[in-house]
Structure formats: C-alpha cells, structure tokens
Amino acid sequence: MPRTYDDLEPTDPDWTRWTGAHVIRHQARKRGDEVFLIAPEEERELTFAQVEDLADRTAGGLRQAGATPGDRVVIMARNSSAFVVSWFATAVGDLVEAPVNTAYEGEFLRHQVQLVDARWVILDDEFADRFVALRDSLTDVEGFWVIDSVGDVASAVERLRAAGWRAEPWDALPTSERLDGPEPDARDLTAVFFTSGTTGLSKGVSMPNAQMNFFSEITRCLTRFTEDDTWLSVTPLFHGNAQYMAVYPALIAGGRAVIRSRFSASRWVDQLREHDVTVTNFLGVMMDFVWKQPERPDDADQPLRCVFAAPTASAILEQFKARFGIDAFVEVYGTTETTTPILSPYGEDRPAGAAGLNASKWYDVVVVDPETDVEVPVGEVGEFCVRPRHPWISSLGYFNMPDKTTEVWRNLWFHTGDAVKVDEDGWYYFVDRIKDAIRRRGENISSYEVEQALLAHPAISECGVIGVPADQQAGEDEVMAVIVPDGDVTAEEVWEFCRGRVPEFAIPRYVWFREELPLTPSEKIRRNVLREEAATAPGVRDREAATVTA
C-alpha cells in the first residue's frame, strides 16, 4: 500500500477563520508585547501588537485615500518592515496585494500593473521613474505611497506628482486612524502572485485568504515550527517563498520572523547565530553556494535545526547536515496555483530525488499521459495533476486570463505541466517541466537531475541543461550543458565528472561555457533563450568530435 503524508493539520480547525486578518488579530491579543518581526538592517523589531496597530493604521490610510474592498494594491519594494506592514494592511483591509518583482521595468512592469487593474501602488523611492516612464499606459493607477529605500522619497514623490498622480511618503500611511471594518472572508481574494513567464507573458495567480493561510499552515507543519522558533528569510518578499513559506507560517505559530535584504552565502552561518535562527529556506542553488564556502571549525555552532529547501541538493545532503549540525531537510512539490500536495516527512530519510508523499486527506493527485489524460502505470513518467479535497485551498484561477485558467483546468484536474513519477511506496519525484524534457536515443532525461549532478563540481557556479536537435535521430535531442564556471574547469573535466554520477546516455554531448545564464526576474533559467542561442553559439565543445564548433 503506498504511503501518504498524514501529519498535515491546520492550527485552527475552523476554515472560516483562515484569513491573514484573523491570524494577525489573534496573535496580537495572545502575544501582544512579544517580538514577531526583526529587520536587522533597519535595526528594527516589531511586536505582534505593533504589527497589528501598524497594519490597521496603514489599512485605514489606504481606505481614507479611496481604496475599497477588493482593490488591487501593487507593492514593488525590497525587503523591509514597511513591505511586511503594507502586505498585512491589505490583509486586514480586505484589499488585494499584488507584489511585483523589483527587477521589472518597461513592458514587464506595464503588463503586470495593467493585468490586475491596479489603482494603488506602494513602492520604494528608487523605482518611481519606472512608473513615470509608463505614465501613458497606467491610466487606472490613482495613487502612490513611497517607501524610503535610498533616501530619495521627496524627489520621487515630486516626480510622480509631476506625472499627474497623487503621491505621498509611505510614512504618512501608518499615522492614519485605525481601520474600523468587518473582517475579510476566507473566500475573498487576498493576493495575486505572478508566474515567471519563462515562455510568454506572466500570469497572475489569484489566491483567496483560505489558500494563502493553508499554504502557510503546510509550511508550519512541514518544519514543525512553534512559538519557540525563529525563521530567517533572505529571499525577496515579492516571492511566495518569503511570504507564505516563511513570514506567514511564523505568524501562525507565534514565533519570530527575521527578514534580510538579500542572501549572503559567506555570512549565512553568522546570520543564523545573530538571532538564534532555527529554521530557514533555501531556494535554487543557495544550498550549493553555502556548501562551497570555506569550511570553518565552528560551522555547526549555531541553532539551526531545519532547512526548507526547494529543491534539496541530494548529492551533498548528508555531508551538509553533518557539517552544519542540521536535524532535518524538508521539501515539497507543488505550485502557486495548487499549494503543495506533496510533502516530505520531517527528519525521515527519503529516496534520493524524492520530493515527498501525497497529503491525501487534502488533495487528490494523479500522474497522467499529457496527451490523453489517462493515468500512467506506477514508475512511468507523466504529467502531475491535482485537485483539492477541501474548498478554497487552491487558487481562483488566473486573474483576467480566463482562457489560461480553462487551459490548465481540464477534465476536472489542474494540469501542472510538470513531468513527475511515483514509485510503489508512494514517493513522488519531480523529473522536469514537460516542455523542457529531453529525449535522447529512446531515453527520457531530466535536465534537473543532470544539473544537480553538475552543480556538485566545485568549479561550476551555475548550470542549465537543455536539449538541442540531434544531427541524426529525427525528432530527438542531444544534451547540452550550459555552464557558468567558478574557477578553472574544462569540457573534458565536465565529461569525466559525469561518469558514475549520471547515466551514460545522459552525459552532455555539448558543453558551452558562458559568463552568465539568462534568467527571469525570479531567477529561473530562460531555457528557450538558451535553445535559441545554442544553434549559433561560439566555443561549444562537442564530446563526440572533441573539437570546438563554429
């Protein structure tokens, strides 16, 4: 009988209270003077009661300016206490947070602001000119509040006003009267999080209160986070990894959340010690970057017990745990649209590459043939599909994109577009994005698995693996590794390093060294760009010819 993940139970059994507003008020009543939010770079600490007061006053300021329930509020800011307060203000004020990547400008920015029909914008002063440049397109935006990020608030406000908008310093918002209004409904839309848009325009995932709360409950349960714990988040707050996979779970548990502006591999251990951090996140190659730092005799002399890694670098997992004295690495598989139906049990060894087990009480899952939607046999690769067994714990669809919503919800299942397999024991394995899957001489190859193997090389900083057209087998691929080196490494060394780490058929035929990989603003590899450029790329090494191609 396949195993399932059976430990997922929300803190509050009443789903009608699954709202950010309810959790903020509950913790303010229960833990008022205890510290919740720590922003070391601002030298600022906020208690639960202060967070509630600031959120209520900020929400009151937004309402006084004319914001009405359901209005979308774009937040474009670097990590700060002002960002967290602004986000919480939308939660208590029954407004809709729409966080935008701080790297966006031009068409990327215009698309997202227009997509959500935003009326209000909260932004760092350094980003004001990006909106001024789009003035003719953003006709629905009415007002701005400017956070002091680089000491340019007054000038930024002036430039926004000169463009014809209402604009005020953000500091004016939390001086308003506290919001006096009904608590938002668990079914109400509370946030729109944007997909990366690796192959097209990004989509806005509409998240109701209950879904965002449940996503956070999953993470709290997964990490066994309690009121005695402290969570360090170094990923950007415009990303769900920092919001409902760090700060919000800490709020639900009544623990502490430490937010920093950026990830530093060299200072990571010191930051753990500074605030007695017990839980943190790794995203992408962060785990590998920390591992490659010079080893110190006191690496394990810090309180960290759990890392939530997405994904976990299996090749260095046991050595990493031993070096830093970590009890458990936990992992999930899921999407912003559906939350995470696949979870790894805390502290349990799992098969290499396994993401976890199905939380079957809450989700139905199936692996199907992507062409027919017919379930594939156990052990075979197919498309992962999911549907919730409880109302309101999945998204409401893509904001203002009904065609895209219909496209992914087919035959009463949400189709993730991910290639996944499940074994006889119930462990699920992410293989690849279906569109990124590589097929070489009859074998299916996971670009992700080859990348993880290559990233274990001490002189490889970043790596993207793609399929390029084969010169003989019609319709099939050859494997190319696109590598950003961190030191001296040759193609011959790459090929030799692969032996015994990946199957012979998956060893890249081509190796292409680049100074950097093309990334989306959310740090995902733009594989379509690599595939387009690979055809004419200079300096590509061919394993079969052992020569440099033109």
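The values are calculated or read from the model by the stated rules, or taken from the named source; none is laboratory data. The structure presented is a predicted model; accordingly, all values stated were derived computationally and were not measured. Note that each Cβ is placed from the backbone with ideal geometry, even for glycine, and that neighbours are counted across all protein chains shown.
Of all residues in segment 266-301, exactly one satisfies the criterion of being among the aliphatic types (A, V, I, L, M), at pLDDT below 95 and assigned to a strand (DSSP E or B), namely Leu283.
For segment 487-523, a residue qualifies if it is in a loop (DSSP other than H, G, I, E, B) and either of a type in the set (Asp, Glu) or under 19 Å from Gly284 (Cβ atoms) (or both), and the qualifying residues are Asp488, Arg514, Glu515, Glu516, Leu517, Pro518, Thr520, Pro521, Ser522, Glu523. The condition (being closer than 23 Å to Arg273 by Cα and in the same structural domain as Asp228 (by TED's automatic domain parsing)) is satisfied by just one residue among Asp349, Asp301, Asp364, Asp373: Asp301.
Conditions (1) farther than 30 Å from Asn209 by Cβ; (2) of a type outside the set (D, E, K, R); (3) under 20 Å from the mean Cα position of the chain (by Cα), marked per residue:
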{"position": "Leu272", "(1), (2), (3)": "yes, yes, no"}
{"position": "Asp276", "(1), (2), (3)": "yes, no, no"}
{"position": "Asp299", "(1), (2), (3)": "yes, no, no"}
{"position": "Gly334", "(1), (2), (3)": "no, yes, yes"}
{"position": "Thr339", "(1), (2), (3)": "no, yes, yes"}
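Here's the yes/no breakdown for (1) farther than 17 Å from Pro184 by Cα; (2) among the acidic types (Asp, Glu); (3) crowded, with 22+ Cβ neighbours inside 10 Å:
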{"residue": "Arg3", "(1), (2), (3)": "yes, no, no"}
{"residue": "Gly20", "(1), (2), (3)": "no, no, yes"}
{"residue": "Gly32", "(1), (2), (3)": "yes, no, no"}
{"residue": "Phe36", "(1), (2), (3)": "yes, no, yes"}
{"residue": "Glu43", "(1), (2), (3)": "yes, yes, no"}
{"residue": "Ala65", "(1), (2), (3)": "yes, no, no"}
{"residue": "Met76", "(1), (2), (3)": "yes, no, yes"}
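Of Asp14, Asp33, Asp6, which residue is in contact with a Lys or Arg (Cβ under 8 Å, 6 or more places away or on another chain) and over 21 Å from Ala242 (Cβ atoms)? Only one candidate qualifies: Asp6.
Results for (1) out of contact with any Pro (no Cβ under 8 Å at 6 or more places or on another chain); (2) over 30 Å from Trp18 (Cβ atoms); (3) in a helix (DSSP H, G or I), shown as yes or no for each residue.
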position: Tyr346; (1), (2), (3): yes, no, no
position: His390; (1), (2), (3): yes, no, no
position: Lys404; (1), (2), (3): yes, no, yes
position: Thr416; (1), (2), (3): yes, no, no
position: Glu424; (1), (2), (3): no, yes, no
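Just to be sure before I move on: is Arg389 touching a strand residue (DSSP E or B) at 6+ places or on another chain (Cβ under 8 Å) and not assigned by TED's automatic domain parsing to the domain that holds Thr339 in the structure I sent? So Arg389 does not fit the description; no. Under the condition of being charged (D, E, K, R) and either more than 22 Å from His22 (Cβ to Cβ) or under 17 Å from the mean Cα position of the chain (by Cα) (or both), which residue from segment 78-112 is surrounded by the most Cβ atoms within 10 Å (Cβ to Cβ)? Taking the candidates together, the pick is Glu97. Per the listing Leu304, Leu357, the residue uniquely surrounded by 21 or more Cβ atoms within 10 Å (Cβ to Cβ) and not in a strand (DSSP E or B) is Leu304. The number of residues in segment 87-146 that are outside any helix (DSSP H, G or I) and of a type in the set (Val, Ile, Thr) comes to 9.
Suppose we keep only residues that are closer than 30 Å to Met76 by Cα and of a type in the set (Val, Ile, Thr) within segment 485-538. Which one would you say is surrounded by the most Cβ atoms within 10 Å (Cβ to Cβ)? My answer is Ile525. Answer yes or no as to whether Ala55 is in contact with a Pro (Cβ under 8 Å, 6 or more places away or on another chain), at pLDDT 95 or above and surrounded by 23 or more Cβ atoms within 10 Å (Cβ to Cβ). The answer is no for Ala55. Being in contact with a strand residue (DSSP E or B) (Cβ under 7 Å, 6 or more places away or on another chain), in a helix (DSSP H, G or I), among the β-branched types (Val, Ile, Thr) and within 27 Å of Val192 (Cβ to Cβ) is the requirement here; does Val51 meet it? Yes; evaluated as a whole, the condition is true for this residue.
Taking every residue in segment 116-132 that is in the same structural domain as Asn101 (by TED's automatic domain parsing) and pairing it with any residue that is of a type in the set (Phe, Trp, Tyr) and at pLDDT below 95, at least 6 positions away or on another chain, the pairs with Cβ-Cβ distances below 8 Å are Arg130/Tyr104. Here Pro538 does not fit the description of being closer than 26 Å to Gly353 by Cβ and part of a loop (DSSP other than H, G, I, E, B). Of all residues in segment 387-436, those that are among the aliphatic types (A, V, I, L, M), surrounded by fewer than 21 Cβ atoms within 10 Å (Cβ to Cβ) and in contact (Cβ under 8 Å) with a residue 40 or more places away in the chain total 4. The sole residue among Ser261, Ser233, Ser202 that is touching a residue at least 40 places away in the same chain (Cβ under 8 Å) and surrounded by 24 or more Cβ atoms within 10 Å (Cβ to Cβ) is Ser233. Residues of segment 495-524 being at pLDDT 85 or above and either under 19 Å from Pro469 (Cβ atoms) or in contact with a Phe, Trp or Tyr (Cβ under 8 Å, 6 or more places away or on another chain) (or both), which ones? Passing the criteria: Ala506, Ile507, Pro508, Arg509, Tyr510, Val511, Trp512. Take Gly334 and decide whether it is assigned by TED's automatic domain parsing to the domain that holds Thr416, in contact with a strand residue (DSSP E or B) (Cβ under 8 Å, 6 or more places away or on another chain) and under 28 Å from Asp228 (Cβ atoms). Yes. Screening Ala39, Ala28, Ala59, Ala21 for residues that are within 30 Å of Glu523 (Cα to Cα) and hydrophobic (A, V, I, L, M, F, W, C) leaves exactly one candidate, Ala39. For segment 389-416, the candidate set comprises residues that are aromatic (Phe, Trp, Tyr) and in contact with a helix residue (DSSP H, G or I) (Cβ under 9 Å, 6 or more places away or on another chain); within that set, the residue that is farthest from Ala186 (Cα to Cα) is Phe414.
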